[in-house]
Amino acid sequence: MNRIHTFTAKTKMAEIITDYSLLTIIDRLNIKLGFGEASIDEICRRHNLSTDLFLMICRVYAIDGFSPEIGNLTNSDIPKLIGYLQRTHKYWIESFFPNLHTNIHTMLESCDERSAKILNKFYDDYDDEVQKHLDYEENTVFPYINSLVSGNKGNKFRIKDFEENHSNIEEKLHDLKNIVIKYLPENASQQSRINVLNEIFKIENDLNKHSIIENKILIPLVSKYE
Amino acid sequence: MSGKVKITIIEPSEIVVTGLKRLIEQNVSFHVVKTFCSVHEYNTMPNGNPDIIIVNPLTTADDSSDLRSLLQASSNTAILAINYGPYDEEALRDYDGIIGIFNTHEQIEKKLSAAIKNTSDKETYDNSNELSTRECEILTAVAKGKTNKEIADEFNLSIHTVISHRKNISHKLGINSIAGLTIYAVMNKLLDVEDF
């Protein structure tokens, strides 16, 4: 079991960086490395970030099956949370997915034309789906929440609409993973296949934790405020 | 099902067994009849004929045989995992439910009730690995974009049967989306690239 269960506001920030995903969180919250001996509490205060929110996000990533409850969080945590989600989206769109695309392309170069053609189309369609999913959040949901936080309560949109329209972008990745593992012909380059699978494992975990943060922290927090 | 629901727990940690038993029995219709610390112990002692077996997947990990035959469970017995080990949901898909270490007693209750309901009116999964001829036909139709209703009409089946075939197909292949199923169909030459 991960040590993060026992972490409190007084724990040294440096101690929390135990794996890749927690390092990613620090970066997405715009917290700079070089903590020295400072506690989590101190670093969070320096960044004007609530310790509760910080620890909650860390626990979602570090503990599988952890279901956060908004408890002490308040609406003043919302802008930081949105900032975190937006930086995550930015990383996916600008870095992760283009990189995965390149890897898939390389993998398909070693495949027969038939498989390459349909898998390319599958991935392009998936790419569009992801783009639409993220555009909806960036262009509709987040602006609504930001205007709500700045005092505008006249909007017709409700966070419930987001909850109902929150589509699943994990299903096709799961399918793609099984296709690469099980059904791509043996002559496809092993190394490029493994590169693609490693990327998919990484993003599957990230997407899963990200939707827990949206569904279990963001949505309840905003609906409390509406 | 009359009287209390009988539950057997197979779990090596006494702390977990005690906690789980206490949470489960907060609902008076559940009764934990037996607890074992290993599958071996479970198989060598009277098991209390449970309606539900809750088992830590770590205790079944060394055995490659099928879960249901390992636990000598009939298809009316629900098998749930108590999971705090290194398993994700995918690895535990043979179980009828997964109890997590952070679940509240309400969540556990819901999962137990759902598992009993599912096993009493379950469509049993066909566990052979290859797709049957009928499944290949249905897969091809799905990949061509046909609806369940159209497929039912074409093959003279009820919609319920078509859905059940589709579940079996997805379960065997590990592919759920129509786009993914189409790829499988093309790669296995059930469908021509030009068809879509």
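Values in this text are rule-based calculations from the coordinates and carry no lab data. Quantities reported herein were computed from a predicted structural model and do not represent experimental measurements. Ideal geometry is used to build each Cβ from the backbone, glycine not excepted, and the neighbour counts take in all protein chains shown.
Note on A:Ser147 and B:Arg68: with the Förster distance fixed at 60 Å, the Cβ-Cβ geometry gives a FRET efficiency of about 0.65. The dipole here belongs to region A:3-62: it is taken about the Cα centre, uses +1 on the Cβ of Lys and Arg and -1 on the Cβ of Asp and Glu, and is about 60 debye. Sorted largest first, the principal axis extents computed over the alpha-carbon atoms of the protein assembly as shown equal 63, 60, 47 Å. Inter-chain neighbour count for A:161-172: the average number of beta-carbon atoms from partner chains within 10 Å of each residue's beta-carbon is 1. Taking 0.36 nm per residue of separation and subtracting the current Cα-Cα distance, fully stretching the chain between A:Leu197 and A:Asn120 would add 26.1 nm. Restricting to Cα pairs below 8 Å that are 6+ residues apart, what does the relative contact order work out to for chain A? Please round to a whole percent. After rounding, I find 25 percent. For the peptide A:115-122, the mean number of other protein chain Cβ atoms found within 10 angstrom of a residue's Cβ is 4. In plain terms, the residue of A:Ser50, B:Ser69 with the fewest other Cβ atoms within 10 Å comes first and the most crowded comes last, giving B:Ser69, A:Ser50. Treating each Cα of region A:3-62 as an identical point scatterer and summing with the Debye formula, the log10 of I(q)/I(0) at q = 0.14, 0.30 Å⁻¹ comes to -0.30, -1.80. Placing dummy labels 7 Å off each Cα toward the beta-carbon, the span from A:Asn155 to B:Val16 is 4.4 nm. In straight-distance terms, cross-link reach from A:Lys153 covers every one of the lysines whose alpha-carbon lies under 16 Å from its own, apart from those fewer than eight places away in the same chain; here that gives A:Lys224. Straight Cα distances below 15 angstrom link B:Lys146 to the aspartates and glutamates B:Glu135, B:Glu137, B:Glu154, B:Asp195, with same-chain residues fewer than 8 positions distant left out. Going by neighbour counts of Cβ atoms within 10 Å, the residues B:His31, A:His47 line up, fewest first, as A:His47, B:His31.
Counting Cβ atoms of other protein chains within 10 Å of each Cβ in A:58-67 and taking the mean gives 3. Taking the Cα centre of chain B as reference, the dipole from Cβ charges on Lys and Arg (+1) and Asp and Glu (-1) amounts to some 580 debye. Candidates A:Ser110, B:Met45, A:Ala9 compared by Cα position along the dipole of the protein assembly as shown: farthest toward the positive end lies A:Ala9, with charges placed on Cβ.
For region B:133-195, the dipole from Cβ point charges (+1 on Lys and Arg, -1 on Asp and Glu) about the Cα centre works out to 300 debye, to the nearest 20. Under 13 Å from the Cβ of B:Asp51, count the other residues' Cβ atoms, weight Lys and Arg +1, Asp and Glu -1, and hand me the total. In short, +3. Taking other C-beta atoms within 10 angstrom as a stand-in for reagent exposure, B:Val39, A:Val196 fall in the order B:Val39, A:Val196, fewest first. Among the listed pairs A:Lys160/B:Lys111; A:Lys132/A:Lys177; B:Lys6/B:Lys110; A:Lys182/B:Lys189; B:Lys4/B:Lys110; A:Lys12/A:Lys80, those whose Cα-Cα separation exceeds 18 Å are A:Lys160/B:Lys111; A:Lys132/A:Lys177; A:Lys12/A:Lys80.
With R₀ set to 30 Å, the beta-carbon distance separating B:His160 from A:Ser167 gives a calculated FRET efficiency near 0.65. With only Cα atoms counted, region B:133-195 has Rg and Dmax values of 10.8, 30 Å.
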